[in-house]
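The values are calculated or read from the model by the stated rules, or taken from the named source; none is laboratory data. Just so it is clear, the model here is predicted, and its values are computed rather than measured. Here the Cβ positions follow ideal geometry from the backbone for every residue, glycine too, while neighbour counts run over all protein chains shown. Remember, those area values only see protein heavy atoms, side chains included, never the ligands or the DNA or RNA. Shrake-Rupley method; radii C 1.70, N 1.55, O 1.52, S 1.80 Å.
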Amino acid sequence: MNVYDSQRMADILSPFGYALTEEPEQADIAILNTCHIREKAEQKVHSDLGRLRSHKVASVANGRNMIIAVGGCVGQAEGEEIIRQAPYVDMVFGPQTYHRLPEMLANVMRNSDKKRGPGRGVVDTEFPTEVKFDFLPETTESRSSAYVSVQEGCDKFCTFCVVPYTRGAEYSRPVESIVKEVKHLVKLGAMEITLLGQNVNAYHGEAPASSHAASKVWGLSQLIHELAEIDGLERIRYTTSHPRDMGQDLIDAHGAVPKLMPFLHLPVQSGSDRILEAMNRKHSADDYLKVIERLRKSCPEIAFSSDFIVGFPGETDEDHKNTLKLINDVNYAQAYSFKYSIRPGTPAGLMDKQVPESVKSERLQELQELVNTQQLAFNKNTVGTTQKVLLDRTGKFEGQLIGRTAFMQSVYVLESKHLFGQMVDVKIESGYANSISGVIPSDKCLQLTA
């Protein structure tokens, strides 16, 4: 979601003469688009601000004002406190107000004094009544793989999570708006679209005016079927999902829509029913496993990834063992795992029986060893197969291109860069812990270069 938001910020600022730079010392404005979901991400914001401060001081000394902005969820959560701690920050805004960037910049410029640099910071952390998507310009950048935000916010209120407080209540974009954006991206060259949302499978957007269905609201399954009709769109993905919102219609779509990729990120967080209840997840481990079973029945080749939190308040050795059991039962292709960290303002932060850091570390290591073993086995199982890969990134070696399989595996190939942005067949030769590598068959390569 933050990658998408950052791309849209660049689109907003482009008409005003701004272009992206990789060099901080060249920047006229530096925006930290932040995440508040884990303590480590929040800490990184403050360390990065310290580094940017030196560039700002140097720019002012050279007669040029470098504007520093903090956007995203840390901006939403901390607001004025950021400027109190770092008075050199010029703008603070939340994820729902970045469409107002030009207005905020104008306010900073009006307060600016060439000798002192920009004046008192501008803070905009409202939840505006207007929908930001109605004010975002069409992107002009060509990407073979692109993100489209279809749903934002969360009504689940898991006890460990800040998202309902920083992103607000669930909101779903109208179908017509999404279809229009996807068609535009495909026209620019996108072959793969990832639909984004904090609870993307809770999508409930306004149906298109042309729809003859009785319901005026469409779910994610109907949206996927509609997008699959777009010529030139080859792949559809969606993330992040909640187990409670995996309806049978969406499960069936995984078997009925060839363009919907056979890979699903479905966070469970814990395999202990007691901990799941304390997290307010409102599903059991068995509920989750039944969803996995139904998805595999619909699409036998489907692969899964998940999120896990270890050391949630009150977690016992038995709870941890139940999580390991669930991981063994599912057999993941990938997984993301983290030690529980207190997020200010969340119910879990006030719970008794906080788990010692040393215990968290031990449990995290054991869990990660298990999921890493499963991921390596999954990658090695593709050796000898031919996978369709969308080559959308360049590697660090000359002629190296990187793409992803239908199962979200990173694939490295050493080929001419003229294949960048192409969907190609790759014969997989090696499987590693976090990636696979292969070659493009010579007849396919010749066909593509002809």
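Here is a check on your reading of the model: is residue 3 open to solvent by 70 Å² or more (accessible area, probe 1.4 Å), of a type in the set (A, V, I, L, M, F, W, C) and under 20 Å from the mean Cα position of the chain (by Cα)?
yes
Within region 83-111, restricting attention to residues that are polar (S, T, N, Q) and open to solvent by less than 40 Å² (accessible area, probe 1.4 Å), which residue is modelled with the lowest pLDDT?
Top of the filtered list is 96.
Can you report the number of residues in region 41-74 which are open to solvent by 40 Å² or more (accessible area, probe 1.4 Å) and within 17 Å of the chain's Cα centre (by Cα)?
0
Has region 337-344 got any residue that is hydroxyl-bearing (Ser, Thr, Tyr), farther than 24 Å from residue 404 by Cα and modelled with pLDDT of 95 or more?
Yes, the conditions are met somewhere in region 337-344.
Going by what's in this entry, would residue 339 be described as among the basic types (Lys, Arg), open to solvent by 10 Å² or more (accessible area, probe 1.4 Å) and in contact with a helix residue (DSSP H, G or I) (Cβ under 7 Å, 6 or more places away or on another chain)?
Criteria met by residue 339.
Could you give every pair whose Cβ atoms fall below 7 Å, whose first residue belongs to region 82-106 and is part of a helix (DSSP H, G or I), and whose second residue is among the aromatic types (Phe, Trp, Tyr) and open to solvent by less than 30 Å² (accessible area, probe 1.4 Å), counting only separations of at least 6 or pairs across chains?
Pairs found: 104/93.
How many residues are closer than 18 Å to residue 174 by Cβ and part of a strand (DSSP E or B) when one looks only at region 121-146?
Count: 0.
Give the residue that is surrounded by the most Cβ atoms within 10 Å (Cβ to Cβ), with candidates limited to residues of region 149-160 that are touching a helix residue (DSSP H, G or I) at 6+ places or on another chain (Cβ under 6 Å) and closer than 24 Å to residue 92 by Cα.
151
Have a look at 41, 19 and point out the one that is outside any loop (DSSP other than H, G, I, E, B) and small (Gly, Ala, Ser).
Criteria check complete, one pass: 41.
Scanning region 374-388 for residues that are of a type outside the set (A, V, I, L, M) and in a helix (DSSP H, G or I), which turns out surrounded by the most Cβ atoms within 10 Å (Cβ to Cβ)?
Once the filter is applied, the top-ranked residue is 379.
For residues that are among the aliphatic types (A, V, I, L, M) and closer than 30 Å to residue 408 by Cα, tally how many sit in region 334-351.
Number satisfying all stated conditions: 1.
Any chance you could count how many residues in region 389-430 are within 19 Å of residue 143 (Cβ to Cβ), of a type outside the set (S, T, N, Q), open to solvent by less than 30 Å² (accessible area, probe 1.4 Å) and not in a loop (DSSP other than H, G, I, E, B)?
Number of matching residues: 9.
Run down 382, 405 and say which single residue is under 27 Å from residue 144 (Cβ atoms) and under 23 Å from the mean Cα position of the chain (by Cα).
Residue meeting the stated conditions: 405.
Step by step: first the residues of region 344-363, then only those that are within 19 Å of residue 161 (Cα to Cα) and hydrophobic (A, V, I, L, M, F, W, C), then the one that is least open to solvent (accessible area, probe 1.4 Å). Which residue is that?
Here the answer is 348.
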